[in-house]
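Note sheet for the following structure.
Values in this text are rule-based calculations from the coordinates and carry no lab data. Note that the coordinates shown come from a computational prediction; the quantities given were computed from them, not determined experimentally. Cβ: placed from backbone, ideal geometry, glycine included. Neighbour counts: every protein chain shown.
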Amino acid sequence: MPTKSTRAQPKKGARSTRRTKSASRRPQDALALLRADHREVKAMFEEFEKTEGDDEKVEIARRICTALTVHAQIEEEIFYPAAYEALEENDLLDEAEVDHASAKDLIAQIEASSPSEPLYDAKVKVLGEYIDHHVQEEEKELFPECRDSDMDLKAIGEQLKARKEELTAQA
């Protein structure tokens, strides 16, 4: 029987597999999931800005459009209806839905064009600016109101996660 001093110790800085697996099974708060989506898309827009090759631009723009489409759909199907029910004031939600409509219009234009066409880069840039504005409003105004409400953010987070996985698999 090995003694404590001879047992293999994990390398410094190595993550425990058990902890990582159990952490991924923990229910994720809806706001944390949506914030993570926001950060992921922001990074893609930054990557697009640094890219010069047309093939790479098309790939990054496609990833941006897919991620935003999935994100908007889970918000519209699950998060916004729950927020409409829980919050007394709905102006922020109404504005968010208008933001989504504008973003969807630009997404359709981007998906129907290519980097060789005029305004392609400008459309992606403006989409990024729309999304940045939308994210600021959600994270600074809407999310705190949701946090203070009686919304079950863990349960909603699980619903969002499941629907996102389903939509991502179809994309």
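Residue pairs exceeding 22 angstrom between C-alpha atoms, taken from LYS57/LYS104; LYS57/LYS140; LYS104/LYS154; LYS104/LYS125; LYS42/LYS154: LYS57/LYS140; LYS104/LYS154; LYS42/LYS154.
Counting other C-beta atoms within 10 Å, and keeping those with at most 15, which DSSP coil GluC sites (Glu not before Pro) do you find in the range 47-134?
GLU52, GLU88, GLU89
Extending 7 Å from Cα along the Cβ direction at LYS140 and again at ASP29 yields two label points whose distance is 2.0 nm. Using 20 Å as the cut-off for backbone N distance, which residues of the range 30-52 belong to the label zone defined by a point 7 Å from the Cα of THR168 along Cα→Cβ? Hits in the range 30-52 for THR168 at 20 Å: 30-48. How fast does the range 27-170 diffuse by Stokes-Einstein, in µm²/s, taking the Kirkwood radius from C-alpha pairs at 10 °C and 1.306 mPa s? Rounded to a whole number, D works out at 101 µm²/s.
Kindly state, to the nearest 0.05, the FRET efficiency for ASP152 paired with LYS50, given R0 = 45 Å and r defined as their beta-carbon distance. Intermediate values should be presented prior to the final figure.
On the way: r = 40 Å, r/R0 = 0.89.
In this case the efficiency is close to 0.65.
Using R0 = 30 Å, the C-beta based FRET efficiency linking LYS161 and SER113 works out to 0.40.
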